[in-house]
Amino acid sequence: MALVNVPQGRRWPGRPRWGVLDLVSAALFTAVFVLFVLIVTSLGDSLAASGRRALARSAAGSRQRERIVALLDSPTASPFAIDSCPAEEVDNMPCEDPRRNSQLSREMNFYRERHCPLPGETPLCLVPPPKGYRIPVPWPESLHKIWHDNMPYNKIAERKGHQGWMKEEGPYFIFPGGGTMFPDGAINYIEMLGQFIPLNKGLVRTALDMGCGVASFGGFLLKEDIMTLSFAPRDSHKSQIQFALERGIPAFVAMLGTRRLPFPASSFDLVHCSRCLIPFTVHNGTYLVEVDRLLRPEGYLVISGPPVQWTNQDKEWADLQAMAHALCYKLITVDGNTAIWKKPSGASCLPNLNNFRLDRCSDNDDPNEAWYFKLRKCITEVPLSEEISIGAIPEWPQRLSKTPARVSLMKNGIDMFEADTQLWARRVVYYKKSLGVELGNPRIRNVMDMNAFIGGFAAALSSDPVWVMNVVPAQNPLTLDIIYDRGLIGLYHDWCEAFSTYPRTYDLIHVAGINSLIRDTTSDNDRCSLVDLMVEMDRMLRPQGTAVVRDTPEVIDRVARIAHAIRWTIQVHKSEPESGDREKILVATKTFWMLPATSH
């Protein structure tokens, strides 16, 4: 190809000619400008943080993790402390990390569900509290106010203050009790619902609040002895669930997307959505089918806000009514933008679902399966549905101690239930009187039982000012339905992954048989690391919070070594006299440490 000589006058007229000196000067100027930006703006901090996170996940970080785990498994290793995480990780939630999840599919909100890193990808460090953190306001005062500096995020107060959600007042956030659909306060709203739902008669005990905001609805239902478990997805701008837990209201992070929520069938006496913006009838009504799975026969469904009589949502409102009718739900009332339905009893209805391309699930589908279990487009059959309906199950508080109907589905279930109830009543007395665990003190409000079985530990605390998150490990028998039949709350979880909560959200964590949580029963090998599990416990515990761990003496020795490395102070005790020498009990306190001021 011939080269074309362009006449001088036609070569980009007006463009300057660059010499070597000009290029060197421009490069130096660019370098100085970039350095200036990195120093005086937040971009430098962001890039540095990203670099630290990348280093923590690098091969060198992986080797360091393996070295730490090996040292803590060695009885002869010298004591040492695990490092703290960087200051920007104060609200670290490994399985709800927006930096990773934003890369995932948005179909059915998949990207907002749980997505956990592999164990080796999680930095092995201790999450610090934010600058200015204080020991939380005790219950019940915390229902109405919390320390601002414990979660200094003002966006809800700024955007929702006119609706009564919360406001900043001196060193506190104040919670007047309002919500988007009840700006005049949760109390007035609950009184309105009480005209149609028996909220104060012991018939309604467990409730699920979907898309809960700061959970004022659940907080004010407590005076009716209704235990509400509230959830919302992680929101980096609003931290709704973090505020709820700081207030002492039961809550966890979740998104109704592609999977069942981590609860058994027929768990809740009441399901509530106040402007939760869940499109219940899309995807052939999949989300309303999931609500139906969770709602106890003769339970109540309340939807307040869109699409109920909402402008420009006539079709959505008509579809919702049609599908509820197909499920044989009785529409009790429509009051403004609030609709209330009642679910039929177990055998009273064979719904006509053809219009929604739904059918009954096969006999092989266990309605209690709910850990990473995809949503079904079919209606599940629940065993003993008539016996567990609101009209048949004992009223609260009798249902706490009366043998639940679903216990009969377990081998020797009735005898096991009675023995477990008596066992934990004795053990809790021993914890309080002999081990000095301050259960009953208002400073202990949020309690977790990591291996709850049928809820005996929580039942023994029923007279204390606490609520208990009963966790049934996903690899264990599915006993969580019995816990809900007792009027208690909880969820399924696999402890080889991080729990769906913010850091510093529990005052006391209890675990019986901690080694079983990480053990593979088929191979008798560890599925994951005890070190990672205890670092996760530390993430969930509030500073000066308490951990009670019981297991064999050999396991407790391992737990004690790790406890020192994560800066807990510990005492190891003998178990109750009737337990003999088969177990020891470790009682630990998480120390209140802060990052140096320069780290912030």
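The values are calculated or read from the model by the stated rules, or taken from the named source; none is laboratory data. Nothing here was measured: the structure is a model prediction, and the numbers come from that model. Glycine also receives a Cβ, built like all others from the backbone with ideal geometry; neighbour counts cover every protein chain displayed. Quick note on the areas: whole protein, heavy atoms, side chains included, nothing else; ligands and nucleic acids left out. Shrake-Rupley method; radii C 1.70, N 1.55, O 1.52, S 1.80 Å.
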In the range 231-278, the residues that are open to solvent by less than 10 Å² (accessible area, probe 1.4 Å), under 24 Å from Tyr189 (Cβ atoms) and more than 14 Å from the chain's Cα centre (by Cα): Arg247, Ser267, Phe268, Asp269, Leu270, Val271, His272, Cys273
Residues within the range 304-344 that are within 31 Å of the chain's Cα centre (by Cα), outside any helix (DSSP H, G or I) and of a type in the set (D, E, K, R), tallied: 2
Filtered residues of the range 383-396 (kept if surrounded by fewer than 18 Cβ atoms within 10 Å (Cβ to Cβ) and in contact with a Gly (Cβ under 7 Å, 6 or more places away or on another chain)): Glu386, Glu395
Which numbered condition Arg558 fails, given (1) touching a helix residue (DSSP H, G or I) at 6+ places or on another chain (Cβ under 8 Å); (2) charged (D, E, K, R); (3) buried (at least 24 other Cβ atoms within 10 Å of the Cβ): (3)
The range 70-84, residues that are within 27 Å of the chain's Cα centre (by Cα) and either open to solvent by 20 Å² or more (accessible area, probe 1.4 Å) or over 27 Å from Asp557 (Cβ atoms) (or both): Asp83, Ser84
Strands (runs of 3 or more DSSP E) contained entirely in the range 444-519, each with at least 3 residues that are open to solvent by less than 10 Å² (accessible area, probe 1.4 Å) and within 30 Å of Lys131 (Cβ to Cβ): 446-449, 506-512
For Trp165: the one exception among (1) in contact (Cβ under 8 Å) with a residue 60 or more places away in the chain; (2) buried (at least 19 other Cβ atoms within 10 Å of the Cβ): (1)
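Which one of Val429, Val407 is surrounded by 14 or more Cβ atoms within 10 Å (Cβ to Cβ) and either part of a loop (DSSP other than H, G, I, E, B) or not charged (D, E, K, R) (or both)? Write out each step before concluding.
Values: Val429 fails: surrounded by 14 or more Cβ atoms within 10 Å (Cβ to Cβ).
Among Val429, Val407, only Val407 is surrounded by 14 or more Cβ atoms within 10 Å (Cβ to Cβ) and either part of a loop (DSSP other than H, G, I, E, B) or not charged (D, E, K, R) (or both).
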Number of the exception - Gly545 against (1) open to solvent by less than 10 Å² (accessible area, probe 1.4 Å); (2) part of a helix (DSSP H, G or I): (2)
The range 580-589 - residue that is under 21 Å from Ile509 (Cα atoms) and of a type outside the set (A, V, I, L, M, F, W, C) and, of those, surrounded by the most Cβ atoms within 10 Å (Cβ to Cβ): Lys584
Residues of the range 131-145 classified as part of a loop (DSSP other than H, G, I, E, B), in contact with a helix residue (DSSP H, G or I) (Cβ under 8 Å, 6 or more places away or on another chain) and in contact (Cβ under 8 Å) with a residue 60 or more places away in the chain, total: 3
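Where residues in the range 229-252 are assigned to a strand (DSSP E or B) and touching a Ser or Thr at 6+ places or on another chain (Cβ under 8 Å), which of them is nearest to Pro397 (Cα to Cα)? Working first, answer last.
Quick first cut of the range 229-252, residues assigned to a strand (DSSP E or B) only: 229-232, 251-252.
Those left that are additionally touching a Ser or Thr at 6+ places or on another chain (Cβ under 8 Å): 229, 251-252.
Values: Leu229: 18, Ala251: 22, Phe252: 25 Å.
Checked the range 229-252; the qualifying residue nearest to Pro397 (Cα to Cα) is Leu229.
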Residues of the range 68-89 classified as part of a loop (DSSP other than H, G, I, E, B) and either of a type in the set (Asp, Glu) or touching a Cys at 6+ places or on another chain (Cβ under 6 Å) (or both), total: 3
The one condition in (1) open to solvent by 10 Å² or more (accessible area, probe 1.4 Å); (2) within 29 Å of Pro94 (Cβ to Cβ) that Tyr300 fails to fulfil: (2)
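Can you tell me which residues in the range 561-585 are among the hydrophobic types (A, V, I, L, M, F, W, C) and either assigned to a helix (DSSP H, G or I) or free of Cβ contacts under 8 Å to residues at least 60 places away in the same chain (or both)? Before the answer, list the steps.
Within the range 561-585, the first condition is being among the hydrophobic types (A, V, I, L, M, F, W, C), and the residues that meet it are 562-563, 565-566, 568, 570, 572, 585.
Once the filter is applied, which keeps residues that are among the hydrophobic types (A, V, I, L, M, F, W, C) and either assigned to a helix (DSSP H, G or I) or free of Cβ contacts under 8 Å to residues at least 60 places away in the same chain (or both), the range 561-585 yields Ile562, Ala563, Ala565, Trp568, Ile570, Val572.
Among Ala324, Ala347, Ala339, which is out of contact with any helix residue (DSSP H, G or I) (no Cβ under 7 Å at 6 or more places or on another chain), modelled with pLDDT under 95, more than 29 Å from Cys116 (Cβ to Cβ) and buried (at least 22 other Cβ atoms within 10 Å of the Cβ)? Give the steps one after another, and end with the answer.
Numbers: Ala347 fails: buried (at least 22 other Cβ atoms within 10 Å of the Cβ); Ala339 fails: modelled with pLDDT under 95.
It is Ala324.
Report whether or not Ser523 is among the hydroxyl-bearing types (Ser, Thr, Tyr) and surrounded by fewer than 20 Cβ atoms within 10 Å (Cβ to Cβ). Outline the logic, then answer.
Details: among the hydroxyl-bearing types (Ser, Thr, Tyr): yes; surrounded by fewer than 20 Cβ atoms within 10 Å (Cβ to Cβ): yes.
The answer is yes for Ser523.
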